[in-house]
Amino acid sequence: MSRLSSTGRLLGGALLVALMATSSPFSDAVPLPALDPGRTQPLDLRYQYAANSADQYQVRFSLRATRSTFVLPIDDQVDVSGSMDFRQGFQGLDEARNAVVFHEVGGLSLSYTSNGEAIATDQIQGRLAGVTRRLKLGGQGQVLDEEILVAEDLPRSLPHLPRMADVWEWMRLELPVGSVSLGDNWVQQYRYAMDSSEELPLEFTLTATHTYLGQAQVSGVWCAVIQTTLEMPIEIDPPRAFQTDQPILGRGTGRAVYYFDADAGRLVGGQVEFGLVMQTHVPDNPIDFTATVSLQFERTS
């Protein structure tokens, strides 16, 4: 088993609390393709970057979040769904074959409903279009450097709006060094620091355990099938307004599957299902927050 670690910063409110894990209703809902029993040879999994090239993905997502508290800026129930085009362009390579990468968001379609009432999102979609950032990626997909080039400007009046540039965090698959055989697994960890108030800082660690299951044809391409389990314990120190030293406790769990073209060194697609529960019972300020998130993506060019 090998171990990978990375640090990421997800910007923006309670949506991305929800985007950190999967609840039991979704934990077994990620379907797997039919594996080829004849393809059992070990594979060397490594990204193969090419300067002046690009990968284009179609991404679909949905979220449902519910809460009961007056501290977090969350409606009683919010449903968000939509799709977007996500472009990963490779500008150049250094001597170690690390890639300078640009991410860009476009083609966004978004639906936002709060307590059953549809909210207009035309202006929001315009703010999200063209969001970009620059990264340097290693051959195993690890982030070596990153910089936000065009930041998003989202209203706090609409919580749970997705930070589109950070959807990639859920698409990103880090790979082990060397070849993998059937059943091999490796661990990837993320530390997420989210924008939040000084009274309620939000920082969590998500652990993803990846397992190589075998090979299957996906969109006409032979791919390594990688199944992932997600675990995220939550313990938050309460703000002073709570007038208690009892922490806010919660847990996120989930499953994902990724399809990786080992010959081309490209991620072909995947699906991730998340769920989250946070609860505390403080006098005069109870919190009961749940969220479920689904995300699917596929490479289109």
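Note on the range 78-121: percent of Cα-Cα distances in each 10 Å bin, starting at 0 and stopping at the bin with the largest distance, equals 23, 29, 22, 16, 9, 1. The length gained on full extension between Ser181 and Asp36, counted as 0.36 nm times the residue separation minus their Cα-Cα distance, comes to 50.8 nm.
Spin-label model, Ile119/Thr211: points 7 Å from Cα along the beta carbon direction are separated by 3.9 nm. Per-residue extension of 0.36 nm, minus the Cα-Cα distance of Gln58 and Gln91, leaves a gain of 9.8 nm for this segment.
Since every read-out is calculated from the coordinates, none of them should be taken as a lab result. Predicted, not measured: the structure shown is a model, and the values here were computed from it. Glycine gets a Cβ as well: all are built from the backbone with ideal geometry, and neighbour counts include every protein chain shown.
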